[in-house]
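The values are calculated or read from the model by the stated rules, or taken from the named source; none is laboratory data. Quantities reported herein were computed from a predicted structural model and do not represent experimental measurements. Don't worry about glycine lacking a Cβ; one is built from the backbone with ideal geometry, like all the others, and counts go over all protein chains shown. The accessibility values were calculated without ligands, DNA or RNA, using every heavy atom of the protein model including side chains. Shrake-Rupley method; radii C 1.70, N 1.55, O 1.52, S 1.80 Å.
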Amino acid sequence: MDDLVLARSLFGTTMGFHIIFASLGVGLPLMILIAELLFQKTKDHDYAVMAKRWTKGQAVLLGVAIPTGTIAGVQLALLWPGFMEVIGRVMALPFQIEIYAFFVEALFMSIYVYAADRISPRMRIVSVSLVLLGAAASAILITNVHAFEGTPAGFRIENGEIVDVDPWAAFFNPSFIVTAGHVVVSAFMTGAFVIASISAYKMLRNMKNERLYRFHRKALMMGLVVGGIFSFITALNGHESAQMLHEYQPEKLAAAEGLFETQTYAPLAIGGFTDRETQEVKWGIEIPWALSFLADNSFKTEVIGLNDFPEEYWPPLFVHTLFNAMVGIGSLLIFLSLLGFFWYKILKRPHFPKWMLIIFVPSGILSMLAIEFGWIFACTGRQPWVIYRLLKTEDVVTASGQIGTLFILFTLVYAILGLAVILVLVYYFKRNPVEKELDKSAGDGDGVSVY
């Protein structure tokens, strides 16, 4: 493989690993905050126990998110020096501000973890709120660099020189708001469904222990409700993202739907795979006129097809499969949320059937897969450009060599880190079973000492 493929593979693997911890680092603080608020409102100690246990998990995940994020930053400079030259002159603001966002997150995470039993309930809520704010701000600021790559603004390249630099125009590029919203709500969705997934598994393991079953049922319903809300918001935001593609990156939208010919009343292709030779989506189901409506809220909207662009500008056609997987998982998660809510809140059934819990268990993994598919789609669908229509990826890759060796070494590092996280979490929660904390909280008068 050439340096370009190896560099993209290495950086893609790094981001694919890092995004797991980054997404949970944003999603779990929201769940902790909701548990804290419910505890303060209801005085139900179960929610205090949830907040405490989820915080321990959050601390472990944060310990991996920091070094993997640092590795990603180093690899940007090592693998893509030409790209970082532009970023350094035009788009350095997100990196600079992100330092302060991380400082806020780390500081108040330390306060919440180590001083929760010595501060007032109101200050606990303030602390975890600032953890959430710092984590979300970090995600938004870093993702804004990706938004800038797709919709560059605030500079021009003239005779190979960068001119007319406006850092704030680059920062508030056309897709900033949509991209920022998408990364946050999808992370909230993932954090909620991870909680729902673990809770469903624990309910299956404790079908005959009514006390533990009730505890995990509360966590399950919290996860399903929060996850369902943010899955729906993610879908709405995805509609806005499609409209941004229609306006700013039309060949990416065409590739996502396997559309080769420009047309009004364009159909939306669900499933199947894109065949370059026949220029059609094979085995897919077409919804008439739906793509035109998705692109600009009108069935008459003209959607530009791939054949209107030079073939060298076409993104890889497999992005259609990635796009469908992302949308399909999101739709399934909304259904699971509605199913759980209907069973427990509408039908008033206190016990979930075993089959229902079984289908809830993979929801956390599915939500993470949706984020991974979405991230790959977003980056791969922009190819061959690293900065859309201004700078090609092949023109900014390093020529230093030895990328293959780095790829193998970093893959081993990620495998070891991933295994270590699993072992640490399993060890901690086995040594500190929830029964022990529930018994302790029941014996504490005001519940504060559960922290």
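Just subtract the alpha-carbon distance of residue 78 and residue 115 from 0.36 nm times their residue separation and send over the number in nm, one decimal.
Roughly 9.3 nm would be gained on extension.
Less than 17 Å apart at the alpha-carbon level, and either on another chain or at least 8 residues along: which aspartates and glutamates does that give for residue 208?
Cα-Cα hits under 17 Å: 435.
About the Cα centre of the range 97-252, what is the dipole size in debye to 20, counting +1 per Lys and Arg Cβ and -1 per Asp and Glu Cβ, all else neutral?
That gives the range 97-252 a dipole magnitude of about 1660 debye.
Could you work out how far apart the two model spin labels at residue 239 and residue 89 are, taking each label as a point 7 Å from the Cα in the direction of the beta carbon, and quote it in nm?
4.2
Please report, in debye to the nearest 20, how large the charge dipole of the range 66-131 is about its Cα centre when each Lys and Arg carries +1 at its beta carbon and each Asp and Glu carries -1 there.
Approximately 220 debye in magnitude.
Rank 231, 241, 425 by how far each Cα sits towards the positive end of the charge dipole of the chain (+1 on Lys, Arg Cβ; -1 on Asp, Glu Cβ) and give me just the farthest.
425
Would you tell me the accessible area of residue 351, worked out with a 1.4 angstrom probe on the heavy atoms of the protein chains, in Å² to the nearest 10?
Solvent-accessible area, nearest 10 Å²: 80 Å².
How much accessible surface does residue 214 have with a 1.4 Å probe, in Å² rounded to 10?
Result for residue 214: roughly 80 Å² accessible.
For the chain, which whole-number percentage of the solvent-accessible area (1.4 Å probe, protein heavy atoms only) is attributable to carbon and sulfur atoms?
The computed percentage sits at 66.
What is the distance in Å between the Cα centroid of the range 254-274 and that of the range 370-402?
Each part's Cα centre sits 23 Å from the other's.
Hey, if we sort 207, 109, 244 by accessible area with the 1.4 Å probe, largest down, what's the order?
Descending order: 207, 244, 109.
Mind checking which lysines have their Cα closer than 18 Å to the Cα of residue 252? Skip sequence neighbours fewer than 8 apart in that chain.
Output for residue 252: 392.
If the reach is capped at under 24 angstrom between alpha carbons, list the lysines near residue 52, excluding any in the same chain fewer than eight residues apart.
Cα-Cα hits under 24 Å: 41, 43, 202, 218, 430, 436, 440.
Give me P(r) over the chain, computed from all C-alpha to C-alpha distances, binned every 20 Å, as integer percentages.
23, 53, 22, 1
With unit charges on the beta carbon (Lys/Arg positive, Asp/Glu negative), name the residue among 90, 115, 134 whose Cα is farthest towards the positive pole of the charge dipole of the range 69-195.
Result: 115, furthest along the dipole toward the positive end.
Kindly report the accessible area of the chain per residue (heavy atoms of protein chains, probe 1.4 Å, no ligands, DNA or RNA), in Å².
46
With +1 on each Lys and Arg Cβ and -1 on each Asp and Glu Cβ, how big is the dipole of the chain about its Cα centre, in debye rounded to the nearest 20?
I would put it at about 2980 debye.
I'd like to know which of 78, 269, 415 lies farthest towards the positive end of the charge dipole of the chain, counting +1 on Cβ of Lys and Arg and -1 on Cβ of Asp and Glu.
Looking along the dipole axis, the top candidate is 415.
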